[in-house]
1. Would you work out which of A243, A210, G277 lies farthest towards the positive end of the dipole of region 192-283? Charges go on Cβ: Lys and Arg +1, Asp and Glu -1.
2. State the volume of the convex hull built on the alpha-carbon positions of the chain, expressed per residue in Å³ and rounded to an integer.
3. Give the percent of DSSP beta bridges with both residues in the chain that are antiparallel, rounded to the nearest 5.
4. Could you work out [θ]222 nm for the chain from helices alone, using -39500 (n - 2.57) per DSSP H run of at least four and dividing by all its residues? Round to the nearest 500 deg cm²/dmol.
5. Would you grab the residues whose amide H sits under 5 Å from the one on H225? Only those 5+ places off in sequence or on another chain, please, with H modelled 1.01 Å from N.
6. Exceeding 23 Å between C-alpha atoms, which entries from my cross-link table qualify? They are K150/K264; K94/K264; K94/K169; K98/K183; K183/K274; K59/K183.
7. What is the Å³ per residue value for the convex hull set by the Cα atoms of region 191-275?
8. Averaged per residue, what accessible area in Å² does the chain show with a 1.4 Å probe, protein chains only?
Amino acid sequence: MTALKAVGIVGAGTMGHGIAHVAALAGFEVWLYDVTLAAAGAGKTKIQQNLEIGVTRGKVSAADRDATLGRITCVDTLAALSGCQLVIEAIPEKLALKQELFSSLSGLCAPDTILASNTSSLSLTEIAAVATNPGRVVGLHFFNPVHLMKLLEIVRAFQTSDETLERVKAFGTAINKELIVVKDSPGFASSRLGLALGLEATRMLEEGVASAADIDRAMKLGYGHPMGPLELGDLVGLDVRLAIAEYLHAETGSPTFRPPQLLKKMVRAGKLGKKSGEGFYKY
Ligand code: NAD
């Protein structure tokens, strides 16, 4: 087994550039791939901006900023990731797209290269099913913004081997994250609990129990949550929240995840949260 030195990142968007940032800062060589070199480069520019803020706030030294950027190479061919010991994908949340990628990576990478997905809801077991040596497939669920959020949820697919689990735990610790290990199940631990709270808050708003601001204040001031469940929905995107609710409802059959009418109506009206200028709040 080769020591973990080089990490490939597939997709340089919101999550991919953040994962590249924390891996490079921790000393790993990072190969950042996106469909175009411009897209990969845009990811690296965001990393540079975030490192700059870190320097201004005294969290990162100028030398570490430069060394981190020096360890990130932008590429536009998947084959450039063939020498990596770990590849983490952060491409759009579509099962067919991720399966196609894992099938390609199986042919390109060494048999013991760990193949990880940052999916927030899809079945890791179904993704692993298309890979050769599926024991090396695992979920590494990061949180946004990756360079600031402490949690890394490791998702163990039905096929994930003990060795893979131990190797990604060591990687998670090396990049300074707090780890939880969850077996592959709909919504894992974080999305399942977060969604249950968000949907119940939406039903309470629909029933007129309290205003959106007061429902959020209940959780912030009464339970110490940094953000209320409705505010968080606006940040994540109500379309994203609805899609995950529909998936979890279909998978579990539990009424907890039945999408509230209010959520459906808001999405149909284009009120998607912060990104559209209006959700539970106006922006
Ligand atoms: P994003 O849209 O910001 O970025 C996706 C990137 O993937 C884009 O740069 C796009 O050009 C690239 N891409 C698309 N198809 C590709 C392909 N075939 N090969 C290589 N690159 C490709 O998406 P995101 O928000 O970063 O989400 C990525 C994944 O992370 C999803 O699975 C999502 O569910 C998960 N996730 C997102 C968040 C979040 O808060 N945004 C949190 C946790 C997990």
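The values are calculated or read from the model by the stated rules, or taken from the named source; none is laboratory data. The structure displayed is predicted, hence computed values, not measured ones. Reconstructed Cβ throughout: ideal geometry from the backbone, glycine too, with neighbour counts over all protein chains shown. Side chains are part of the model used for accessible areas, which takes the heavy atoms of the whole protein and leaves out ligands, DNA and RNA. Shrake-Rupley method; radii C 1.70, N 1.55, O 1.52, S 1.80 Å.
1. G277
2. Spelled out: Cα convex hull of the chain, divided by residues, is 136 Å³.
3. DSSP beta bridges in the chain are roughly 15 percent antiparallel.
4. Helices in the chain give a 222 nm mean residue ellipticity of -14500 deg cm²/dmol.
5. Close amide H contacts, sequence-distant or interchain: K220.
6. Beyond 23 Å between Cα atoms: K150/K264; K94/K169; K183/K274; K59/K183.
7. 89
8. The answer is 47 Å² per residue.
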